[in-house]
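Have a look at the structure below before the remarks.
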Amino acid sequence: MVLRPLMHIPDGYLSPATCATLYAGAAPFWYTSLRKMRRVLHSRMVPLVSLFAAFSFIIMMFNLPLPGGTTAHATGVAIAAIVLGPWASILAVSTALTIQALFFGDGGVTAIGANCFNIAVVGSISAYAVYRVIAAGSPVASPRRVVAAILGGYVSINLAALVTSLELGLQPLLYRDASGAPLYAPYPWAIAIPAIMIGHLLVAGVAEAVVSGGVVAYLQRAEPHLLQPETLAGVREWSSAKALWATLALLAILAPLGLLAVGSAWGEWSLEDFVTPDSRAAIANASGGAALPAQVPAGMDRLAQRWKAPLSDYTVPFFGDERGGYVIAAFTGALLVILLAGAIAFFSRRRSTQESTYFLEKTIAGFLRALEYASSAEQMAASKGLLQKVDPRVKLAGLFGLIVVAATVSRLGVIAALFGVAFFLAILSHLSFVKLAAWVWAPVLLFTGLIALPAMVLTPGDVVAGGGIFSVTASGVRGAAFLILRAETAATLSALLVLTTPWPWVLKALRSLQCPAVLVAILGMAYRYIFVILQNALDILESRRSRTVGPLAATEVRRSMTTAAGVLLSKSVQMSGEVHLAMQARGYRGDVHVLTGFRTRSADWVWLAGFAAVAVFALWLSAGGHA
Amino acid sequence: MNAVFELSGVTYRYDAADAPALNDISLRIEQGKRIALLGANGSGKSTLLRTLDGLFFPASGSIRFRGQTLDRSQLEQDSFAFDFRRCVGMVFQNPDMQLFNPTVFDEIAFAPLQLGLPKDEVIRRVKNTLERMELSQLQARPPHRLSGGEKKRVALASVLVLDPEVLLFDEPTAGLDPRSESQIIDMLIGWGGEGRTVITATHDLGLVEDIADYCFVMEEGRIAAEGDPAAVLRDLEMLRRVNLIHEHRHRHETGEVHSHPHRRPHRH
């Protein structure tokens, strides 16, 4: 949560099943991208993808003033897709998101698949498609290309947000505890979709459009060759990939079976529907003649036991059971969430010193914060605490396992106990509390707390406090507690990994845990060049600031930001060429060879056993609650 | 004498529309010599080094490495490529571009690993090189947290670990403070000899006599002059023409103002 708490899905918002499904959804795209890139680019792929990942990472930290006085940042996914084509863009943006999650704690570790699927895959493909359709055949300098980039940026980020809101809104439909409290993200589609989409349609989408259009306009003037198809010949083609489409078709069939069949989408019927002849006929009709199984599916039966609140008549207590209650509830809920998000933005803005150079200052401050975090993380990882001595592979596997467990268990006490374990490990590893509070606990509490707050009122259930509009329900409170506790626990556990392990050892651990060497090389190189490009960006913006006298108009700031983004983009491409030469000069021919020298000591086996024991114990405790 | 490199009529263009970066270059570099490529910014030194390292391939003309043609198809063959890369090392001007690994240790291990040396041998060599280059304390550090001088030393170490017979060095002292500069030059001088060939590109005339037995002066992609360092450094008019020296006006403590061609070192 060091850089951008408002962007990516954190841990604990999606159920493990949803996370796994989205990892599976992103995997065929990663696989196909890697295959395609390798074939066309041979040895150039690793430096090119790494440098673009670093660029995309930096772009996500640019603050932009928007018409109307709000502020937002872009993801750079549309620019990456336009310059690199969809395949390389998927890999580059995924790498950036993975580093954000693994190292900076922005976005959950279990949600890496989800965030990559939403932003990297959906974003890249839609941006590229829109750009290609609109820019088709126009000359490089044509204004049509700028329009194409603007629309590509706007559409792609909104589609990514829509997919995100669908995933989040699915959670309360599928996952509730015995009392009806939502186990993960608490808002159904009726609230999640408008709450997320309004912000993206009005603010984030505009930022993405401004940056994409501005950078393409800059490239037309300064680096037109980057917009020409032959520059990165072969990478940009969107030719058929049979294996990919076949896998996706399979997933499209399997995902609903695994996730949705338990009761939603076209299957929003209740148990009675399975046994009364009339409704059986109606469903069979609607399903194109396919009859329902004679028995109630066992899974559905079990789930139905757990759902006290039927979802088909989702209402807020103070509206009773009126028909219009659904609509009004959704409207109020969305409004509340938006107001709170606005409040966060407002208060973070108040903290700024001067209005005039605010956006430059804020971006520069963000860069410095990232640098400070990185150097403190290195220092902590080098100190002689308890976890620092554990084999990185054991730590990686163990802590990831505990994060998954924290996302799986459905008893608040068990999650709190896991948080206690994480807290205890942090003490024994000499982690600075001030820094943990500033980087992990406070931002998570602020962000997730504000998101969870309206859920206390908006979740149907027995009223425990307040009255009228502010009727706090028991399941609402439980739902909010689940979300906050899970998010805090998972964030603390993943901070434990990063803050006690130097980044190179994290990479080595990934390698020896059979992560493909190419991916690990890309992660390592991208991380390295983040700091080079960050320094470049700092220089550009600080020289801009030093030449600034008096207040800058918002348009002026926007222009200098997009120009800086354009300069960084062309530098990144140039650097990737240079780095490639330097790699070739030392014998690199497309395959990465690495040293993995870990010696597992007996103490590490004890640690592994310890992690496993905690995980199993937590699962056992949680399961015991249902018996 | 054996020639390491023989170039005849080598021309190279970055872009078909631009003026050539290398224009009809013919030269011969003997084994065991220390060569300086002198020239102002943009004169083609770096391009020539990259061509010698088999990274760029000339549009016309030919390069021979120890009598064998050096071209794209040769370098696509594993056996030739491995031999060539093990034999010829290059240090790039900007260490940030050359240092792409997570730690100093990994950085120095990169080349021997890529070239298929056995892992024990790689580790032994890396440790030796770290000690020789006084980098042992830095081995676990990420390169982006090093100072400019340290980065340059790591970049040099990452090439010397292969013990190449030919070293190509692009601007060894660019952007270094005086102490780091002399450290690098001392290492360079200490490493040469025993039949090793060192080719250094620089515009720092003060270095030439320390690092070279023979010089080529480049201007706009051509060889403008060549000869032993003393003779080249004496030809002030040529040096002024190729932009390696300029008129320098300054005031002395006596109050007298005079002007003379500016280069290091100079006597008044």
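Residue check: A:Ala465 meets all listed conditions (1) more than 14 Å from chain B (Cβ to nearest Cβ); (2) touching a residue at least 12 places away in the same chain (Cβ under 8 Å); (3) surrounded by fewer than 24 Cβ atoms within 10 Å (Cβ to Cβ) but one, namely (2).
State all residues of region A:563-582 that are among the small types (Gly, Ala, Ser) and away from chain B (no Cβ under 14 Å); if no residue qualifies, say none.
The first filter runs over region A:563-582 and keeps only residues among the small types (Gly, Ala, Ser), leaving A:564-566, A:570, A:572, A:576-577, A:582.
Matches in region A:563-582: A:Ala564, A:Ala565, A:Gly566, A:Ser570.
Each row is one residue, and each column tells you yes or no for (1) under 27 Å from the mean Cα position of the chain (by Cα); (2) within 14 Å of chain B (Cβ to nearest Cβ).
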site: A:Ile522; (1), (2): yes, yes
site: A:Ser546; (1), (2): no, no
site: A:Ala554; (1), (2): no, no
site: A:Arg558; (1), (2): yes, no
site: A:Gln584; (1), (2): no, yes
site: A:Ser602; (1), (2): no, no
site: A:Ala613; (1), (2): no, no
site: A:Val616; (1), (2): no, no
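Taking the criterion of being under 27 Å from B:Gln68 (Cα atoms), facing chain A (nearest Cβ under 7 Å) and surrounded by fewer than 24 Cβ atoms within 10 Å (Cβ to Cβ), the residues of region B:83-118 that qualify are B:Leu113, B:Gln114, B:Leu115. Within 30 Å of B:Ala140 (Cα to Cα), surrounded by fewer than 24 Cβ atoms within 10 Å (Cβ to Cβ), touching a helix residue (DSSP H, G or I) at 6+ places or on another chain (Cβ under 9 Å) and modelled with pLDDT of 85 or more, is that true of A:Val477? Judged against the criteria, A:Val477 is not a match. Among residues of region B:46-65 that are under 13 Å from B:Phe92 (Cβ atoms) and assigned to a loop (DSSP other than H, G, I, E, B), those with a Cβ under 8 angstrom from a residue that is of a type outside the set (Val, Ile, Thr) and open to solvent by 10 Å² or more (accessible area, probe 1.4 Å), sequence gap 6+ or separate chain, pair up as B:Leu55/A:Leu581; B:Leu55/A:Gln584. Checking A:Ala618, A:Ala627, A:Ala613 one by one, the residue that is within 30 Å of A:Asp177 (Cβ to Cβ), at pLDDT 85 or above and loosely packed, with under 14 Cβ neighbours inside 10 Å is A:Ala613 and no other.
Condition (residue is more than 30 Å from B:Ser147 (Cβ to Cβ), open to solvent by 30 Å² or more (accessible area, probe 1.4 Å) and either basic (Lys, Arg) or away from every other protein chain (no Cβ under 14 Å) (or both)) applied to region A:491-502: is it met by at least one residue? The answer is no; no qualifying residue exists.
Conditions tested, residue by residue: (1) open to solvent by less than 50 Å² (accessible area, probe 1.4 Å); (2) among the hydrophobic types (A, V, I, L, M, F, W, C); (3) at pLDDT below 75.
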| position | (1), (2), (3) |
| --- | --- |
| A:Gln171 | yes, no, no |
| A:Asp177 | yes, no, no |
| A:Ala190 | yes, yes, no |
| A:Val203 | yes, yes, no |
| A:Val215 | yes, yes, no |
| A:Glu223 | yes, no, no |
| A:Leu227 | yes, yes, no |
| A:Gly258 | no, no, yes |
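Against the conditions (1) within 13 Å of another protein chain (Cβ to nearest Cβ); (2) among the polar types (S, T, N, Q); (3) buried (at least 19 other Cβ atoms within 10 Å of the Cβ), B:Gln139 satisfies every one except (3).
Looking at B:Glu134, B:Glu121, which is the one that is free of Cβ contacts under 8 Å to residues at least 24 places away in the same chain, on the phi > 0 side of the Ramachandran plot and either touching a His at 6+ places or on another chain (Cβ under 9 Å) or open to solvent by 10 Å² or more (accessible area, probe 1.4 Å) (or both)?
Working: B:Glu121 fails: on the phi > 0 side of the Ramachandran plot.
Residue meeting the stated conditions: B:Glu134.
The values are calculated or read from the model by the stated rules, or taken from the named source; none is laboratory data. Please read all numbers here as calculations on a predicted model, not as lab measurements. Counting neighbours? That spans all protein chains shown, and the Cβs are built from the backbone with ideal geometry, glycine included. Side chains included, ligands, DNA and RNA excluded: accessible areas come from the protein's heavy atoms. Shrake-Rupley method; radii C 1.70, N 1.55, O 1.52, S 1.80 Å.
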